[in-house]
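Asker: Take a look at the following structure, please.
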Amino acid sequence: MKRVLLLHTGGTLGMAAPPAPPTGGSAPRGLAPDRFARALVAQVPELTRLAEIDTRILCNLDSSDVGPEEWSALALEVAAARERADGVVIVHGTDTMAYTASALSFALEGLDRPVVLTGSQRPLGEVRTDARHNLVDAVDLATRDIPEVGICFDGALLRGNRATKGDAWSYAAFASPGCPPLARLGIDVEVAPHVRRPPLVPTVPFRCRPEFDPRVAIVHVLPGMAPASFEALLDHPRTAPRGIVLCAFGVGNVPTRARPLAPAVRRAVDGGVTVLVVSQAWAGAVDLTLYENGAALADAGALPGGDLRVEAAAVKLMHALAIFPDDPAGRADYLSANVAGERGDGLRHLRD
């Protein structure tokens, strides 16, 4: 039987009203590993029919509080688990799950086994919960030959660095525009042909690179936006970003007539800031050669992000800044490379 490590980080799935304290006593504080493991097996006994489950509580946070420090800790936990686990399931809140999945996909270079993030829109203890379904699916997927970081939700496994939370009220909380699911779970489990697998003779050995530089800002371009609002980010020496994800119109266009943004981008780039351009569009890719309004950004030194989702773009930029701190050319090459399927893998011909 396959062995699966289940890492708990918090989120809705594990939420429950605290039990009433005994007379004269106090309520238990936080989750204890043994109680957590017993509760999972008691409420979802079918897990033990899928795999040998080992549980570890890394933290118990609302995912709004999960960031680069937790990403690094998770990456190191997964790297260490390779000696004893065939796959890893990470219970995580939905709000920032796509950011964490992206971070792990970049940090776990040469990944050779599944790392599946899941959570729920309702707690496990509720009657109408999606937690049980998601958890069973995630553990099942963690026993299969799917060596990617993915998000398992509502009967589908999505590539983690292509996913985005698109619905806060539906059980189908996540989507991956432009990239069909890696697997669909119905009566059977259908694994898609575009799952990334290492070559039979690995050219790159597994390596964990858990560094992230959080000094990244996201700027959403608006019609009529004053360039001064962009430049204001650069004028505070203690808080100025080292990287900016610029969410532009269409295939990477910005205003050039009344309030041109390119000169402000040029100032940022000349000051050592890496500017990565992504699209505000739900699907499609940035191409800074198609229109003059996009070419102005390329001339200013901005980098095209292709079809990177904003979550993956921000996290990849954090990673690039950390692993190439003094090498702008190395950063540019890394950001333009398709490291873990985040830039499409030539999947435009596929349909959801």
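No lab work stands behind these numbers, since they all come straight from the coordinates. Please read all numbers here as calculations on a predicted model, not as lab measurements. When we count neighbours, we look across all protein chains shown, and the Cβ atoms used for this are built from the backbone with ideal geometry, even at glycine.
Asker: Skipping prolines and chain starts, which residues have an amide H placed within reach, meaning under 5 Å, of the one on Thr55, given they are 5 or more residues away or on another chain?
Answerer: Leu6
Asker: Measure off 7 Å from each Cα along the Cα-to-Cβ vector at Glu46 and Arg207, then give the distance between these two points in nanometres to one decimal.
Answerer: According to this spin-label approximation, the distance is 4.2 nm.
Asker: For Val275, list long-range residues whose amide hydrogen, built 1.01 Å from N in the peptide plane, is under 5 Å from its own amide hydrogen.
Answerer: Ile244, Leu303
Asker: Using the Karplus curve 6.51 cos²θ - 1.76 cosθ + 1.60 with θ = phi - 60°, work out ³J(HN,Hα) for each residue of region 211-226 in order, rounded to whole Hz, and write x for Gly and Pro.
Answerer: The phi angles translate into 9, 9, 9, x, 7, 10, 10, 10, 10, 9, 5, 10, x, x, 4, 7 Hz.
Asker: Using amide H atoms built in the peptide plane, which far-off residues or other-chain residues are under 5 Å from Asp95 H to H?
Answerer: Here the answer is Ser63, since their amide H atoms fall under 5 Å of that of Asp95.
Asker: Also, quick follow-up: Could you run the Karplus curve 6.51 cos²θ - 1.76 cosθ + 1.60 with θ = phi - 60° over region 75-84 and give me ³J(HN,Hα) per residue in whole Hz, x for Gly and Pro?
Answerer: Per residue, the Karplus-derived 3J(HN,Hα) values read 4, 5, 4, 5, 4, 5, 6, 4, 6, 9 Hz.
Asker: If neighbour count is taken as other Cβ atoms inside 10 Å, put Cys152, Cys59 in order from fewest to most.
Answerer: Values: Cys152 30, Cys59 16.
Fewest to most other Cβ atoms nearby, the residues stand as Cys59, Cys152.
Asker: For region 155-168, just list the computed ³J(HN,Hα) in residue order, Karplus coefficients 6.51, -1.76 and 1.60, θ = phi - 60°, integers in Hz, with x standing in for Gly and Pro.
Answerer: These are the phi-based 3J(HN,Hα) values: x, 9, 10, 9, 4, x, 8, 10, 8, 8, 7, x, 8, 8 Hz.
Asker: Another question, then. Give me the one-decimal nm value for the distance between modelled label points at Ala73 and Val127, 7 Å along each residue's Cα-to-Cβ direction.
Answerer: Going by the 7 Å Cα→Cβ label model, 3.7 nm.
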